[in-house]
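Just below is one structure, and these are the notes that go with it.
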Amino acid sequence: MAGADYDLIAGLDRAKLPRHVAIIMDGNGRWASFHGLLRSAGHSAGVKTLKKILTTAVNLNLEALTVYAFSTENWKRPHAEVDFLMHLFSDYLEREKAEMHEKNVRLRFLGRLEAFSDGIRNQIRDATELMKNNTGVKFNIAANYGGQDEIVRAAQKLAKKVAAGEISPEDISAEIFESELDTAGQPPVDLVIRTSGEYRVSNFLLWQSAYAEFWFTDTTWPEFTPEEFVKALKDFGQRDRKFGALNK
Ligand code: IPE
Ligand code: IPE
Ligand code: MG
């Protein structure tokens, strides 16, 4: 483990860690503008932050980390920016997959992947296949992901099963529904972190974050650090979660 991370983690009560942390990595563009750079430079800087945060998650042995990389609404951005982000994904997977595998990370993609080029889909398939038996951090990248779209896709899958006579409508429970989501088999989200001072969900993990705690910071994603990540985790450890019940 890197020395800096080791010091950080030293004061952390592991029993109070969230099982599943989800991050809305926001503010790349604003960080770039502030520094007189192109938005694309902000996205590249954001990838460096992601690498550090994933390393911290591995060092902490978090059960699951989900990051929002590209929403179903992000196609509305200028073509050049979307194109840059696609190249960035491709480079990221190419550069990082061996190290992720070495760190025992289990990679999964959430979202509607059909929209990506054949090249990127192949890279996603190869990387997920490579890591499919890994037992460390479950690392989910939400790409062309929308919470509503995910719920609609799950409903369609169940409707097909009903139409085929495999299940009856009454069989559909919250558990069955969950088993058709992209996060099937993973724990619900305990903590959502959003950077860059926006206080909204932007169609992220709508089902999975039903009882999540939220942590917001004005720090932009390129400036976000493992120290601040650990601060959010410590803050989570102080929260009083009730899940609709009363305090004991
Ligand atoms: C988040 O940063 C990255 C993506 C949405 C792909 P933004 O690009 O949204 O940065 P801001 O919000 O414009 O600063
Ligand atoms: C959410 O950020 C999506 C990602 C971080 C990938 P956006 O920047 O797209 O969200 P809005 O448009 O500000 O709500
Ligand atoms: Mg944004």
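The values are calculated or read from the model by the stated rules, or taken from the named source; none is laboratory data. Just so it is clear, the model here is predicted, and its values are computed rather than measured. Ideal geometry is used to build each Cβ from the backbone, glycine not excepted, and the neighbour counts take in all protein chains shown. SASA here: full protein model, heavy atoms, side chains in, ligands and nucleic acids out. Shrake-Rupley method; radii C 1.70, N 1.55, O 1.52, S 1.80 Å.
Structure summary
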{"item": "Square roots of five times the Cα gyration tensor eigenvalues for the stretch 1-102, Å", "result": "28, 15, 14"}
{"item": "Accessible area of the chain divided out per residue, in Å², using a probe of 1.4 angstrom", "result": "51 Å²"}
{"item": "Förster radius 22 Å - calculated FRET efficiency between A98 and E175, Cβ distance, rounded to 0.05", "result": "0.05"}
{"item": "Selected from H101, H79, H43 as most flexible by GNM, with the chain as the system and alpha-carbon contacts under 10 Å", "result": "H79"}
{"item": "Carbon and sulfur %, accessible surface of the chain computed with the full protein complex present, 1.4 Å", "result": "53 percent"}
{"item": "Qualifying trypsin sites (Lys or Arg not before Pro) in the stretch 85-146, DSSP loop, other Cβ atoms within 10 Å at most 12", "result": "K132"}
{"item": "Pairwise Cα inverse-distance average, inverted: Kirkwood Rh of the stretch 109-199 (Å)", "result": "15.5 Å"}
{"item": "Geometric extent, Cα atoms of the stretch 141-248 - Rg, Dmax (angstrom)", "result": "17.3, 52"}
{"item": "E114 paired with H35, simple spin-label distance in nm, labels 7 Å along Cα-to-beta-carbon", "result": "3.9 nm"}
{"item": "Percent of Cα-Cα distances greater than 12 Å, calculated over the stretch 74-126", "result": "69 percent"}
{"item": "Net length gained if the chain between D7 and A155 were fully extended (0.36 nm per residue, minus Cα distance)", "result": "48.7 nm"}
{"item": "Loop sites in the stretch 205-248: chymotrypsin sites (Phe, Trp or Tyr not before Pro), DSSP, at most 12 other Cβ within 10 Å", "result": "Y211, F243"}
{"item": "Of K160, K16, K234, the one that fluctuates the most in a GNM where the chain has Cα springs shorter than 10 Å", "result": "K160"}
{"item": "Pair A163, R200: separation of 7 Å Cα→Cβ label points (nm)", "result": "3.4 nm"}
{"item": "Solvent exposure ordering (accessible area, 1.4 Å, most first) of L113, L130", "result": "L130, L113"}
{"item": "Enclosed volume per residue, in Å³, of the convex hull spanned by Cα atoms of the stretch 122-174", "result": "150 Å³"}
{"item": "Charge-dipole axis of the stretch 36-185 as Lys and Arg at +1 and Asp and Glu at -1 on Cβ define it, positive-most pick from T56, A174, G185", "result": "T56"}
{"item": "Shape metrics for the stretch 39-93, restricted to C-alpha atoms - Rg then Dmax, Å", "result": "12.9, 38"}
{"item": "Bins of 5 Å, starting at 0 and running to the largest distance - Cα pair percent for the stretch 161-218", "result": "4, 15, 21, 17, 14, 11, 8, 5, 3, 2, 0"}
{"item": "Under 23 Å, Cα to Cα: Lys pairs in the stretch 134-248, sequence gap 8 or more or different chains", "result": "5"}
{"item": "Rg ratio (alpha-carbon, reference 2.2 N^0.38 Å) - the stretch 1-61", "result": "1.40"}
{"item": "The stretch 144-190: GluC sites (Glu not before Pro) in DSSP coil with no more than 12 other Cβ atoms inside 10 Å", "result": "E166"}
{"item": "Within the stretch 97-130: backbone nitrogen closer than 17 Å to the W75 label point (7 Å, Cα to C-beta)", "result": "110-121"}
{"item": "Enclosed volume per residue, in Å³, of the convex hull spanned by Cα atoms of the stretch 34-185", "result": "141 Å³"}
{"item": "Choice from S40, S168, S196 with maximal GNM fluctuation in the chain (Cα, 10 Å cutoff)", "result": "S168"}
